[in-house]
1. State which residue is most open to solvent (accessible area, probe 1.4 Å) when the search covers only the range A:304-316 and only residues that are in contact (Cβ under 8 Å) with a residue 24 or more places away in the chain and more than 30 Å from A:Arg285 (Cβ to Cβ).
2. For the range B:156-176, give me the residue count where each residue is loosely packed, with under 15 Cβ neighbours inside 10 Å and of a type in the set (A, V, I, L, M).
3. Looking at B:Pro97, B:Pro126 in this structure, which one is of a type outside the set (A, V, I, L, M, F, W, C), assigned to a helix (DSSP H, G or I) and in contact with a Leu (Cβ under 8 Å, 6 or more places away or on another chain)?
4. In the range A:229-244, how many residues are away from every other protein chain (no Cβ under 14 Å), in a helix (DSSP H, G or I) and buried (at least 20 other Cβ atoms within 10 Å of the Cβ)?
5. Take the conditions out of contact with any Pro (no Cβ under 8 Å at 6 or more places or on another chain), more than 12 Å from chain B (Cβ to nearest Cβ) and touching a residue at least 40 places away in the same chain (Cβ under 8 Å) and apply them to A:His301. Does it pass?
6. Residues of the range B:156-179 being touching a residue at least 60 places away in the same chain (Cβ under 8 Å) and more than 19 Å from B:Val21 (Cα to Cα), which ones?
7. Does A:Leu258 meet the test of being in contact with a Gly (Cβ under 6 Å, 6 or more places away or on another chain), within 14 Å of chain B (Cβ to nearest Cβ), open to solvent by 30 Å² or more (accessible area, probe 1.4 Å) and under 30 Å from B:Gly89 (Cα atoms)?
8. Would you be able to say whether some residue in the range B:30-38 is touching a residue at least 12 places away in the same chain (Cβ under 8 Å), within 22 Å of the chain's Cα centre (by Cα), within 14 Å of chain A (Cβ to nearest Cβ) and closer than 30 Å to B:Phe146 by Cα?
Amino acid sequence: MTSLTNTADAAIPELAGHQRRLLIAGGVGAAVSLAGLFFDVRQFLQSYLMAYMLCLGVTLGCLALGMVHQLSGGAWGVVIRRPIGAAARVLPVMTLLFLPIAFGMNRLYGWTNADLVAHDEALQHKHLYLNTPFFLVRAAVYFLVWNGLSYFLNAWSLEQDRTAEPRLARRMQRLSGGGLLAYGLTITFASFDWLMSLEPHWFSTIYGVLIVGGQGLSALAFLTAALVWLSRRPPLNRIVVPAHFHDLGNLMLAFVMLWAYFSFSQYLIIWSGNLPVEISWYLHRLQTGWRAVGLTLILFHFSAPFVVLLSRRAKREPDLLVKVAIGILIVRLIDLFWLIAPEFHQNGIFVSWLDVVLPLTLGSIWLACFIRQLRGRPLLPVHDPEFESALGRIIERGAPPRTAH
Amino acid sequence: MKGPSPLYGLMAEFDDVSSLVLAAERAYGEGYRCLDAYSPFPIEQLHEALGSHHTRLPLIVLIGGLCGCLGGYALQYWSSALAYPLNIGGKPLHSWPAFIPVTFECTILAAALSAVLGMLALNGLPMPYHPVFNVPRFALASRNRFFLCIEAIDPKFDVEATRRFLETLNPREVNTVAD
C-alpha cells in the first residue's frame, strides 16, 4: 500500500525526461511558428485559434468530467482522477495562452471593424453584445470561473490526500454541482464569442452544446490514451483492469454519438429552414472544396470510431483503444478546422503549414505542463471515499491476469 | 455415453458475493465447464469467473439494428419518392437529411426488440420448470444467498469427488439437485 502514496515522479522517473523533451519540442515549434507570424498574421491567428481551442477543450473537458465524476461516482473516474486534476491545473497556462487571441481579435473577428459595422444594419443591432470591451470582460469572467473551479477542487483534493478528512469529499461534490452549471453556461457563451462570431451574421443555438460534446470527447480520448500509458507502468499496472478501459470506451462511444447528434441536428434544422442568413454557413462549406473536410468528419469523427467502439473486444483491448483515442484527438482538430478555417478562405479549401505546426507546438507545451502537474502528486486518490469500494478488491488480490477472449 | 441420470448436479450455497466469485473461479480453474451461478442481483465479475462464454446476442442485435435502419429508410423513400410524391418547400423528393431521424429511431427500435426477443430465445425464458428449483433452499437465490451449481453433464463430474471439491470452498451447505 505504501507505494500507492508515492508521487508520480517517484513511481515513474522517466516523466521528467518526457517533460523536458516536450518543452524543447514546444520551444522549437514556437520559434518556427513565430516566423509564420511575420509572413501572415491572420493565418497565424486562425491556426492558433484552432490549436488553442483543442488544448482548451481537453483542459475544460477534463475539469467537467472531474465534476461529473464527483457527482456520479464510479470506478472509471477513480483511476483517471489524477490525470483529470493535472489537466485541469494547466488552466493558468491556458489563460496566458489566450493573450494572442485577445491581442489579435481585430484581425480575427470582422465585427471589430467599425467601417464594416457602420454599413451593416444587422451588425449594428448586435453591437450591444459584439463589441471589444464587453468581449474582453466576458473572456475574463470565463477564465475567472474556470480557474476558480479548478483551484478549489484541486486544493481540496490535495488536502484530502494529506488529512483524509471525509468532509472534503462532500464539499467537492457541492462545488461540482454548481460548477457544472457554471461550466455549461460559460462554455456556451465562450464558444459563441470565440468561434461562432467569426461569421457574425450566422447563429446556431445548438452551437454551445456542440462544443461541450466536443470538449468531453477530446478529454475522454486524451484520458484514455493517458491511462493506457500509465497502466503499463507501476503502480497502475497492478490496478487497471480491462473493465476500466471498457467503461472509458463506452463513454467515448456515447460522446461520439452525442457529437454526431448535435452536428446533424444543427444541419437538419438549418437545411429544413433554408433561410439565407443561416444556410450561407453551410453553402460555403458544402459547395466548395471544404466539402471534403465535411465528408472526412462524417467518416472518421462518427462512422469509424462508432463501428470500432461497438465491439466489446475493442474496448477491452488497450492497444486498440489507444489508437482509437489518438485518432479521435486528430479528428477533433479537423472538426475545429471545419468550424474555423472556411470563414477565412471562403472560395475553397486551403491548408496552411501553420495548421499543422501550431497544433503540434501548443500540444507539446500543453503536454509538458500536464506532465509537470502530474508529477507532483500520487497517481491514485487513496483517501477518496470511493477508493476502497472501487479498487480495494483489486489491490487486495492483485489484478487478474489479462484473459484472452 | 452414460445412461440417463436422475441427478442434475451439485449445488453449493454461499453467504456473500466474493465467496461465490472465488468459488466460481476455483471451479473453473479445476476444469469444470458445465456450471452456473445464481445470485439475487447481477455480479459483473461472475461473467469472467465462469469463463466468459460468448453469446450470439450481439450479432442478433446488430442484424436487427441494420434491418431497422434499412427498413426505416426504405419505407420513407418508398412513401415520399415513389408512392406519394409531394413537393415540399421545393426540396427534392428523395431528401435524405429529412429521413435520418426516423431511420435512426427505427434502428434503435429494431435493435432493442431483437435484444429482448433474442435474449429470451437464447436463454430459453420463460422457463416454468428448472431442476434447481428442486432444492428447497434455492428460493433464497432471490433474496440473500448465492449458489454455484456444477452440472452432472460435465465430463469431469463425479458425485463423490465433486462434492468433496465443493466442500473445500467453505459453502454453507452442498445439496444434490435432482433432475
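1. Applying the filter and picking the extreme gives A:Arg313.
2. So the answer is 2.
3. Answer to the selection: B:Pro97.
4. Count: 2.
5. Taking the combined requirement at face value, the residue satisfies it.
6. Scanning the range B:156-179 gives B:Lys156, B:Phe157, B:Val159, B:Thr176, B:Val177, B:Ala178, B:Asp179.
7. Criteria met by A:Leu258.
8. Scanning the range B:30-38 turns up no residue that is touching a residue at least 12 places away in the same chain (Cβ under 8 Å), within 22 Å of the chain's Cα centre (by Cα), within 14 Å of chain A (Cβ to nearest Cβ) and closer than 30 Å to B:Phe146 by Cα.
The values are calculated or read from the model by the stated rules, or taken from the named source; none is laboratory data. Remember, it's a predicted structure, so these values are computed and weren't measured experimentally. As a convention, Cβ positions derive from the backbone with ideal geometry for all residues, glycine included, and neighbour counts pool all protein chains shown. Side chains included, ligands, DNA and RNA excluded: accessible areas come from the protein's heavy atoms. Shrake-Rupley method; radii C 1.70, N 1.55, O 1.52, S 1.80 Å.
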